[in-house]
């Protein structure tokens with residue numbers, strides 16, 4: 001079964017579970033602005049006019065679409081009914097609502113779950129106008145619970161694709177480590193990753209982050225062409241790829257031995273082990289039903305009680321079609337994260353676990369692993385890094 | 001001057017002209033959902049956390065951004081002030097509003113202009129919450145007029161890029177025409193276009209539409225692998241590319257001579273000339289200040305009075321960073337087009353002019369040209385097709 005068919009069927013099961021009568025995805029000009037829900041509803045990337053994708057609790061699959069946009073949707077053979085229009089979508093939509101009389105209609109907006117926030121405000125106003133003389137205008141609800149579940153609960157096919165993406169980026173990390181030379185800039189290292197991507201025929205899941213030594217700029221910025229590898233530096237690489245539409249997200253740490261050094265200095269070893277053990281502690285408590293913030297707290301307190309500064313980001317985000325997938329976040333209760341850390345972890349969610357310590361003398365010491373939530377716990381999908389990789393140059 | 005700097009300065013001039021105090025573009029997780037306004041505000045394609053881009057009528061350029069997302073924006077050297085946050089955007093935003101006390105704050109929503117409808121409904125609700133105890137909650141207005149002007153009024157650099165895109169697709173059209181062979185399917189023809197794109201190092205502006213003969217499926221569907229070139233068929237190709245971020249959109253028509261034919265049949269010639277003359281008539285009336293629907297009407301009535309069926313789409317859309325650029329549409333007053341056909345044409349708008357006639361015996365007869373609006377009229381940017389191309393196979 002193709003992935004979209006699998007996800008559409010999963011969505012209907014989720015509607016039944018949540019007792020939501022209808023899920024309405026209302027889009028237009030998808031080359032201009034693209035509701036992320038579309039990835040699960042169609043492989044047609046080019047919808048010029050207003051289009052409604054409608055799934056009902058009873059299992060009906062309906063699309064209302066401008067005539068010229070219809071052929072690619074018809075070809076998919078996923079939808080039971082494809083209603084074409086020439087002039088406007090209103091009649092078709094009111095017709096369907098009149099036929100199914102939904103008591104709740106989920107639409108794609110959410111304050112905290114970006115994955116469920118694909119409906120633009122202008123389109124929302126248009127929808128309100130279409131519904132203004134009907135009872136349906138008061139039956140709109142957020143689709144955030146649908147999308148948390150739909151994106152979060154990976155199907156076997158989705159898990160396989162993510163595993164492949166992980167495998168490819170693990171190879172990329174190893175190849176990069178073996179290529180490090182003194183004097184290479186962060187940009188040089190990024191170019192090696194890029195060349196490997198071309199070899200593997202994959203794309204980045206996100207622009208890779210490369211942090212070399214203590215002068216590096218931490219954040220989501222481009223690698224620097226001014227900062228280069230020296231002895232006694234940490235080289236931290238955050239690199240993931242897309243395979244079959246699904247992402248990986250992994251960090252690996254390499255230490256370049258200093259003059260007269262034969263092993264990692266104690267300060268680096270202690271920092272690395274603290275990060276690693278914080279991840280182990282947090283992972284040991286992951287299971288379905290636990291809130292994201294409870295797991296985040298374990299790692300955060302571990303790092304702080306070991307005497308390091310707090311890391312100013314979430315411990316773990318979900319990974320899927322986007323490297324930062326929506327729904328439950330293993331993060332702290334900070335304003336910017338909204339309600340996401342309060343949501344509960346579910347089986348077959350795939351999360352990163354990442355955190356860092358900054359060492360003034362050596363640089364950015366960070367690890368990022370990926371796990372899948374199982375019925376009673378979690379398993380690591382990555383080959384965990386158990387100690388810093390060491391290179392002598 | 002880089003294009004983004006040029007457009008940011010143009011935006012400030014537009015705020016002054018429209019007497020709008022502030023333009024606020026509020027985004028998050030731009031890899032998941034991407035407000036089209038961002039193309040003019042930053043070349044950073046990866047903003048993880050909530051970010052506000054703020055331009056004021058007085059010419060202030062401000063960004064409020066999560067710390068880790070800041071480096072790429074700092075590097076651009078476009079913004080006067082970059083305010084970093086760790087926990088949430090609220091304080092920074094209220095601070096800026098308190099400092100400038102705007103009477104009007106334009107935000108990106110619009111019922112009819114997709115280009116100005118980048119704010120999601122969930123983010124809109126978040127914004128309302130941030131502003132709830134302030135006077136600013138009642139000062140929000142749509143940015144549709146700003147974006148109609150900003151996207152519609154092409155700067156010299158934008159015009160140059162579009163001209164290059166046109167040149168490349170004109171060459172692509174000619175090369176394709178010279179490659180047509182009997183028995184080639186629509187898919188085969190699309191593959192030739194694709195190979196030429198790779199040669200030119202450009203990407204499609206949209207999936208090309210290829211319509212061969214009378215059995216073709218008209219619309220935005222993929223080319224068919226079942227429908228192939230025969231003698232006596234029309235081959236219509238709708239193909240545009242992206243150059244330097246800007247699109248072209250052109251249709252060209254080829255006629256494959258039938259057995260014993262030495263020229264285009266009268267029926268095809270008459271249809272082609274009707275389309276061509278309808279475009280000429282419409283173009284002759286284009287000038288700044290005329291409404292889009294008035295121009296559309298000229299071509300529409302021309303086609304109908306020549307005895308053909310009405311074409312069920314707009315005569316002309318703008319072209320820019322998207323092949324269907326927002327703002328004024330040269331289209332009919334149909335529900336699906338909303339207010340766009342009521343807007344006025346402006347100098348330096350770039351439009352397509354396209355329409356078709358369907359010939360039951362030969363296929364889809366369509367032309368699409370591109371024009372730039374000048375101070376007093378318009379000029380064609382394409383080398384107009386003056387008669388169907390003819391091939392003997």
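We did not get these values from a lab; they are worked out from the coordinates using the rules stated. Predicted model only: the values in this text are computed from it and were never measured. Here the Cβ is made from the backbone with ideal geometry for all residues, glycine too, and neighbour counts use every protein chain on show.
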Hey, what D do you get for the protein assembly as shown in µm²/s if you plug the Kirkwood alpha-carbon radius into Stokes-Einstein at 4 °C and 1.567 mPa s?
46 µm²/s
With only alpha-carbon atoms in the gyration tensor, what are the semi-axes of the equivalent ellipsoid for region B:3-151, in Å, largest first?
19, 18, 16
State, to one decimal in nm, how far the label point of residue A:261 lies from the label point of residue B:99, with both points 7 Å from Cα in the Cβ direction.
4.2 nm
Distances from residue B:266 to the same position in the other copies: list them in nm, one decimal, shortest first, using label points 7 Å from Cα along Cα→Cβ.
10.2
Relative to the longest principal axis of chain A, what angle (0 to 90°, nearest 10) does the C-alpha long axis of helix A:3-18 take?
70 degrees
Centre separation in Å (Cα based) which lies between region B:73-146 and region A:192-268
35 Å
Need one number: % antiparallel among DSSP beta bridges in chain A, to the nearest 5.
75 percent
Counting other beta carbons within 10 Å of each residue's own, what order do A:193, B:189 fall into, fewest first?
A:193, B:189
Using DSSP, restrict attention to beta bridges with both residues in the protein assembly as shown and report what percent are antiparallel, rounded to the nearest 5.
75 percent
Before rounding to the nearest 500, sum -39500 (n - 2.57) across all DSSP H runs of length at least 4 in the protein assembly as shown and divide by the residue total; then give [θ] at 222 nm in deg cm²/dmol.
-10500 deg cm²/dmol
Provide the FRET efficiency to the nearest 0.05 for the residue B:383-residue A:203 pair, computing r from the beta carbons and using R0 = 30 Å.
0.25
Sorted from shortest, what are the nm distances separating the label point of residue B:194 from equivalent points in the other copies, each placed 7 Å from Cα along Cα to C-beta?
2.5
Quick one: compute the contact order of region A:3-151, relative version, from alpha carbon pairs under 8 angstrom and 6+ residues apart, as a percent.
26 percent
Degrees separating the helix B:121-130 axis from the principal Cα axis of chain B, which is the longest one
20 degrees
Kirkwood Rh and Cα Rg combined as Rg/Rh, chain A:
1.04
Pseudo-spin-label distance residue A:225 to residue A:43, built 7 Å along Cα→Cβ, given in nm, is 4.0 nm
What are the label-to-label distances in nm, one decimal and shortest first, from residue A:137 to the same spot in the other copies, with labels 7 Å along Cα to Cβ?
2.1
Which FRET efficiency value, to the nearest 0.05, do you get for residue B:134 and residue B:5 by plugging their Cβ-Cβ distance into 1/(1 + (r/R0)^6) with R0 = 25 Å?
0.20
Points 7 angstrom from Cα along the Cβ direction at residue B:171 and residue B:273: gap in nanometres?
3.4 nm
Using 0.36 nm times the number of residues separating residue B:159 and residue B:84, minus their current alpha carbon distance, what extension gain do you get?
23.4 nm
Just rank B:31, B:148, fewest to most, by other beta-carbon atoms within 10 angstrom.
B:31, B:148
Rel. contact order, % - alpha carbon contacts under 8 angstrom, at least six apart, region B:125-243
28 percent
Cα long-axis angle, helix A:186-200 against chain A (0 to 90 degrees, to the nearest 10)
50 degrees
Of every Cα-Cα pair in region B:60-107, the percentage lying beyond 13 Å is 59 percent
Projected-area average for region B:216-344 over all orientations - Cα convex hull basis, square nanometres
9.9 nm²
